[in-house]
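The values are calculated or read from the model by the stated rules, or taken from the named source; none is laboratory data. Since the structure is predicted, the reported quantities are computational estimates derived from the model, not experimental observations. Glycine gets a Cβ as well: all are built from the backbone with ideal geometry, and neighbour counts include every protein chain shown. Accessible surface is based on the protein model in full, side chains and every heavy atom, while ligands, DNA and RNA are left aside. Shrake-Rupley method; radii C 1.70, N 1.55, O 1.52, S 1.80 Å.
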Amino acid sequence: MQRQKLNSSRFDKRSRTIFWHVHWQFPAANESVHDQRVSEQMPLTQVLQQHTSLAPGNSLRRHALRAYVEAGVQNLQILMKREHCPANKPEYHRIDGNRFLRQELSGKSVIEYPVLTVLLPGEDSKYNVAADVLANPADVKAAVQTDAGVGALQ
């Protein structure tokens, strides 16, 4: 019920774009941040950069996230908790921050809004990352085309 109350994701009919409510979790800093109206046509690193960059009114958050600031946005790993899996064995999708939010959410279950966990380098061993076989259909199609002579699916 709490997620439903916080959800501010909306579809803009004019631009035909979804503006997502995104919940960022920073476990090493024990912090979480909610972004509202994040365009699906925006790279995730650009959104994440807003929380780690030096900007007016951002000093408290930047101080709390100093380990992430020092690591640099390009070195951080982003995971999204997989929905519909047992609570005692959570699985995560690995998210490519250089791609658009729309591309990364494609083919994944999202309930209300995406919850993204940002990890420092080397922290990923604590998380069970699911193998995303069909997460990126373009990559699967390219792999099928390159292996066409070796019994690949047509």
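Of the residues 100, 19, 26, ranked by 1.4 Å probe accessible area with the largest first, the sequence reads 100, 19, 26. For segment 32-103, a crude dipole built from +1 on the beta carbon of Lys and Arg and -1 on the beta carbon of Asp and Glu, taken about the Cα centre, is about 80 debye to the nearest 20.
Counting only heavy atoms of the protein chains and using a 1.4 Å probe, residue 53 has close to 40 Å² of accessible surface. Database remark: amide H of residue 42 closer than 5 angstrom to the amide H of 101, 102 (H placed geometrically; neighbours at sequence offset of 5 or more, or on other chains; Pro and chain starts carry no H). Per-residue surface analysis assigns residue 84 an accessible area of about 150 Å², computed on protein heavy atoms at 1.4 Å probe radius.
Think of segment 1-125 as having a plus end and a minus end, set by charges on the Cβ of Lys, Arg, Asp and Glu; of 105, 85, 45, 105 sits farthest toward the positive end of this dipole. Of the GluC sites (Glu not before Pro) found in segment 1-107, those that fall in a DSSP loop while having at most 15 other beta-carbon atoms within 10 Å are 83.
Would you please give the FRET efficiency between residue 106 and residue 32, computed as 1/(1 + (r/R0)^6) with r the Cβ-Cβ distance and R0 = 25 Å, to the nearest 0.05? That pair, residue 106 with residue 32, gives E of 0.50.
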